[in-house]
Amino acid sequence: MAMPVIRSVTATPTVVQPGQTAQVVIDARTVTSYDLTTTAPGVSIRQNPAAPNRFSVTVLSGRTTVTLTARVRDAAGRTATATTKLTVPLLVGMSAQKGLRTREIVAEYPGIRYMRDFGADSADADNLPELPPLNAGKFVDAPTAVMHVSWKDDVAQLGGWLDGLSRPVYLTWYHEPMGDVAPATYRATAARVTQIVAAHPRRRYVLGHGPIVTRYWLDEGGGNPTDWGYPGMTHYGIDCYSRDTGSYWTPFRMFGVAFGKVRAAYPGTRLLVPEYGLVRTTTDSTGAGRAKAMRDHVTWLRQQPNVDAIAYWNNWAEYQISGLPLESDAWRALQAT
C-alpha cells in the first residue's frame, strides 16, 4: 500500500489582518483523516465537517508569522506532514479627529488597518476622556481598522467595556502621561489594565497594551522609558513627528534612537507608532520628497520585526496630506502592501 502523501497545503489568503480568517485546504491521497495544528497563540482552527480536508483559520494577533502543520493519516495509521504559513504584516493606517474628518479619510484612503481612538469625556465630574462607544464613532466609521484605544478616566471601567468587545484592539491608559501623572502613580494604575485584561473572558480581542510617549520626550528630552513601563505590558507606543522644514530625517533619526531606549529598557516588548507625521520641507514644492521619506520610513519599520503598527496623523494642517497627490498616493500604496 502506498504511503500517504500530501501534495499541497494551500492557504487563501496567506497575508491576513488581525481577526481575519484564511481558508486552508490539504490536498492528499490515500488518507482517512486530516488534522491542522499550530503552536502560535491567538489562532483558532475549525475543520469543515462536510469537507474534512478544509479548515478555517482565524488569527487574533498582531504582527507575526503563523506556521500551520498539516498531518494526514491512512487506514494503516501511517502519517505524513507538511506546513504552510500565514503572515500578519505591519499594520499601516491613519488617524484623524473623530466624526466627519475620520469619515473623510476612510473614504479617501481605503484599507486603513490601524487607527487611534482617544475616547471622549462624558458629563461627569472630571475632564478626563472615557473609553469610546463600541457601537458608534470610529468603531463604526472605520470598520477595517484595528483601533488603538486610549482613555484617561477610571481604569476600572475597562472590565465592563470589554464585555461588548468583538474586534481586535490595542489599549493604552493615559496617552502621553509625561507631566500630567507622576510615574509611580501611572505604573501602579496602569498595572490594573494587565489584571483586568488577564481575567476577562474576551481578552483574546486585546492584541496588546502599554504606554504611549513621544519620540521627542525620549530623544531630545532625555526621557527614561522605565518611568511608564508597568508589569504585564506587552507593547510600548512612541508618537513620532518631525517639524523640521530643512530636511527629511533618516529612519534611524525618526525612530531609531527612541526605539533603542525602549528596547534596552524592555527587551522583548513590542513597539507601536500610534501617531506619525512629517511637515514638508521648504524646498519640497511638490511633495515628492515627503512621499519618498514616508516610503523610506515605513520600509525601515517593516525591517524591524518587533514593530506592529504605524498610523499617519492626517489632521493638523502642517501634517495633513489629504488633497496632495504624491503624498496621498504614497500612503495609500503603503497601506495596501
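For this structure, a couple of remarks:
- Residue within the stretch 164-183 that is on the phi > 0 side of the Ramachandran plot and among the small types (Gly, Ala, Ser) present: yes
- Residue in the stretch 285-299 that is touching a Gly at 6+ places or on another chain (Cβ under 6 Å) and either assigned to a loop (DSSP other than H, G, I, E, B) or closer than 23 Å to VAL155 by Cβ (or both) present: no
- For ALA50, the conditions (1) assigned by TED's automatic domain parsing to the domain that holds GLU275; (2) more than 25 Å from PHE139 (Cβ to Cβ) are fulfilled apart from (1).
- Verdict on THR87 being of a type in the set (S, T, N, Q), farther than 30 Å from ALA311 by Cα and surrounded by fewer than 21 Cβ atoms within 10 Å (Cβ to Cβ): no
- Search result, residues across the stretch 93-108 that are assigned to a helix (DSSP H, G or I) and of a type in the set (Gly, Ala, Ser): ALA107
- Checklist (1) over 29 Å from SER322 (Cβ atoms); (2) among the hydrophobic types (A, V, I, L, M, F, W, C); (3) in contact with a helix residue (DSSP H, G or I) (Cβ under 7 Å, 6 or more places away or on another chain); (4) assigned by TED's automatic domain parsing to the domain that holds ASP239 applied to VAL106, failing item: (1)
- Leading residue by the ranking (nearest to ARG113 (Cα to Cα)) among those in the stretch 300-337 that are part of a loop (DSSP other than H, G, I, E, B) and hydroxyl-bearing (Ser, Thr, Tyr): THR337
- Of the residues making up the stretch 180-230, just one is buried (at least 16 other Cβ atoms within 10 Å of the Cβ), closer than 24 Å to TYR241 by Cα and among the polar types (S, T, N, Q), namely THR214.
- Residue in the stretch 200-223 that is nearest to HIS148 (Cα to Cα), counting only those that are of a type in the set (A, V, I, L, M, F, W, C) and touching a helix residue (DSSP H, G or I) at 6+ places or on another chain (Cβ under 8 Å): VAL206
- Residues of the stretch 231-248 satisfying the condition of being of a type in the set (D, E, K, R) and either free of Cβ contacts under 8 Å to residues at least 12 places away in the same chain or surrounded by fewer than 14 Cβ atoms within 10 Å (Cβ to Cβ) (or both): ARG243, ASP244
- Residue selected from the stretch 155-177 under the condition surrounded by fewer than 17 Cβ atoms within 10 Å (Cβ to Cβ) and touching a residue at least 12 places away in the same chain (Cβ under 8 Å), by the criterion nearest to PRO201 (Cα to Cα): ASP163
- Candidate set from the stretch 112-154 (those that are within 18 Å of the chain's Cα centre (by Cα) and of a type in the set (S, T, N, Q)); member that is surrounded by the fewest Cβ atoms within 10 Å (Cβ to Cβ): THR144
- Hits in the stretch 321-331 - residues which are surrounded by 17 or more Cβ atoms within 10 Å (Cβ to Cβ) and out of contact with any Gly (no Cβ under 7 Å at 6 or more places or on another chain): ILE321, SER328, ALA330, TRP331
- Qualifying residue in the stretch 21-40 (condition: buried (at least 18 other Cβ atoms within 10 Å of the Cβ), under 20 Å from THR337 (Cα atoms) and either among the aromatic types (Phe, Trp, Tyr) or at pLDDT 95 or above (or both)): yes
- Residues that are more than 30 Å from THR234 (Cβ to Cβ), over 18 Å from the mean Cα position of the chain (by Cα) and of a type outside the set (Val, Ile, Thr) number at least 2 in the following strands (runs of 3 or more DSSP E) confined to the stretch 1-92: 5-12, 21-29, 33-37, 64-73, 79-88.
- Check on THR84, in contact with an Asp or Glu (Cβ under 9 Å, 6 or more places away or on another chain), among the β-branched types (Val, Ile, Thr), outside the structural domain of LEU301 (by TED's automatic domain parsing) and closer than 29 Å to LEU207 by Cα: no
- Conditions (1) touching a residue at least 60 places away in the same chain (Cβ under 8 Å); (2) in a helix (DSSP H, G or I): number failed by LYS261: (1)
The values are calculated or read from the model by the stated rules, or taken from the named source; none is laboratory data. Predicted, not measured: the structure shown is a model, and the values here were computed from it. Methodologically, a virtual Cβ is constructed for each residue, glycine included, from the backbone with ideal geometry; neighbour enumeration extends over all protein chains shown.
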